[in-house]
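Trainee: Attaching a single structure in structure tokens format; questions to follow.
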Amino acid sequence: MSLSNLLEQLVYPPAPVLMLLIAGLWLLAVNKRKSGFTLAVAGVVILYSASSPMFSFNLMDTLESRYPPLRHINTDARAIVVLGAGRNHGAGEDGEDIPNIPSLTRINYAAQLHRETGLPILATGGRFDEDVLSEAELMR
């Protein structure tokens, strides 16, 4: 793993919250009880709340209700863009990765729009490892 990949992983959740928790535990160990306890409790509360269905469903609902599916197609559109939403690792018949349910839902909707409009479909999505197909290639 390169240094840039390591730094990337330290920025993405849950690493910052875990670092907060570790800092709190370290402060407790060096007799900074009030600060350490506060940071450790904050880390646990953030981790728990971010992991709970109530929090995650409310967060998803906020985002999804802000951008509902289009009811009509813009006549100036030149393509249908499908954003990757993830993969199921090794879930295919031959042990290969396949698109997950949210990705399949998006692909299905894009196919419906393609049948209605004839517009080309552009699938997007990267890869996490160098030796696997990108999400766009999986959706293709």
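Trainee: Between A91 and Y109, what length in nm is gained on full extension when 0.36 nm per residue of separation is reduced by their alpha carbon distance?
Mentor: On the way: separation 18, 0.36 × 18 = 6.48 nm, distance 2.22 nm.
Extra length from A91 to Y109 when fully extended: 4.3 nm.
Trainee: Let me ask something else about it. If amide hydrogens are placed 1.01 Å from N in the peptide plane, which non-local residues have theirs closer than 5 Å to the one on A123?
Mentor: V82
Trainee: Taking square-rooted eigenvalues a ≥ b ≥ c of the alpha carbon gyration tensor, is segment 1-70 rounded, prolate or oblate, where a/c under 1.5 means rounded and, failing that, a/b exceeding b/c means prolate?
Mentor: Oblate, because a/c is 1.5 or more while a/b does not exceed b/c.
Trainee: Round to the nearest 10 and give me the degree value, 0 to 90, for the angle of helix 15-29's Cα axis relative to the longest principal axis of the chain.
Mentor: Taking the Cα atoms of the chain, the angle to 15-29 is about 10 degrees.
Trainee: Over segment 38-140, what percent of the accessible surface lies on carbon and sulfur atoms, probe 1.4 Å? Intermediate values should be presented prior to the final figure.
Mentor: Numbers: 4660 of 7880 Å².
Heavy-atom surface of segment 38-140 belonging to carbon and sulfur, 1.4 Å probe: 59 percent.
Trainee: If you plug each phi of segment 41-57 into the Karplus form 6.51 cos²θ - 1.76 cosθ + 1.60 with θ = phi - 60°, what whole-Hz ³J(HN,Hα) values come out, in order, with x for Gly and Pro?
Mentor: 5, 4, x, 5, 5, 5, 4, 5, 5, 5, 8, 7, x, 4, 5, 5, 5
Trainee: Next question, about the same structure. Using θ = phi - 60° and the Karplus relation 6.51 cos²θ - 1.76 cosθ + 1.60, list the HN-Hα couplings for segment 103-119 in order, rounded to whole Hz, with x at every Gly or Pro.
Mentor: With the stated coefficients, segment 103-119 comes to 5, 5, 5, 5, 4, 4, 5, 4, 5, 4, 5, 4, 5, 6, 10, x, 5 Hz.
Trainee: Could you work out how much longer the chain between L25 and S4 gets when fully extended? Use 0.36 nm per residue separation minus the Cα distance between them, nm to one decimal. Before the final figure, lay out each step's value.
Mentor: Values: separation 21, 0.36 × 21 = 7.56 nm, distance 2.70 nm.
Here the segment from L25 to S4 would lengthen by 4.9 nm.
Trainee: Which whole-number percentage describes the relative contact order of the chain, with Cα contacts under 8 Å and a sequence gap of 6 or more?
Mentor: 16
Trainee: Probe of 1.4 angstrom, ligands and nucleic acids ignored: what's the accessible area per residue over segment 57-140, in square angstrom? Don't jump to the answer; show the numbers that get you there.
Mentor: Numbers: 6620 Å² over 84 residues.
For segment 57-140, the per-residue accessible area is 79 Å².
The values are calculated or read from the model by the stated rules, or taken from the named source; none is laboratory data. All figures in this text were calculated on a predicted structure; none of them were measured in a lab. Calculation scope for accessible area: heavy atoms of the full protein, side chains included, ligands and nucleic acids excluded. Shrake-Rupley method; radii C 1.70, N 1.55, O 1.52, S 1.80 Å.
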